[in-house]
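The values are calculated or read from the model by the stated rules, or taken from the named source; none is laboratory data. Computed from a predicted model, the values in this text were never measured in an experiment. Cβ placement follows ideal geometry from the backbone for every residue including glycine, while neighbour counts extend to all protein chains displayed. Ligands, DNA and RNA are excluded from the accessible area calculation, which covers all protein heavy atoms including side chains. Shrake-Rupley method; radii C 1.70, N 1.55, O 1.52, S 1.80 Å.
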Amino acid sequence: AAAMICAEVRPRFGIFVAGFVPNDPAAASALIAGVDASVPTLHVIGSGDELVTPERSHALAELFEGATVVSHEGGHMIPSGAAVRSEVVAFVESALAECQAPEAECTVR
């Protein structure tokens, strides 16, 4: 999904929950080739995730310059705790603020 988003849509930012670099070499190569490393991203990673290990999620985050990583104690889930919510809100507000600049080429207004 990360490569598809970056290659086809050119988003202003991305949020990944339990995102990962594929194990398949061809799929991983396609992902890496399609990533625009300058896109601001937030990566939400569960330290107890057994389906997508934290190492795989961190590998995805490392493809993006200045990626924001938020860890939580849970597993393969979207966390709803206040700490994670506040991090997500801060990230989205920052990304949207950048879209408000007159010179921004942003589809979110």
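Can you pull out every residue in the stretch 57-92 that is outside any helix (DSSP H, G or I), among the polar types (S, T, N, Q) and surrounded by 13 or more Cβ atoms within 10 Å (Cβ to Cβ)?
Result: Thr68, Ser71.
Restricting attention to the stretch 35-56, and to residues there that are in contact with a Ser or Thr (Cβ under 9 Å, 6 or more places away or on another chain) and in a loop (DSSP other than H, G, I, E, B), which single residue is most open to solvent (accessible area, probe 1.4 Å)?
So the residue we want is Ser47.
Since Val21 meets every condition but one in (1) free of Cβ contacts under 8 Å to residues at least 40 places away in the same chain; (2) in a loop (DSSP other than H, G, I, E, B); (3) among the β-branched types (Val, Ile, Thr), which condition does it not meet?
The number of the failed condition is (1).
Would you call Gly14 among the small types (Gly, Ala, Ser) and either surrounded by fewer than 18 Cβ atoms within 10 Å (Cβ to Cβ) or touching an Asp or Glu at 6+ places or on another chain (Cβ under 9 Å) (or both)?
No; evaluated as a whole, the condition is false for this residue.
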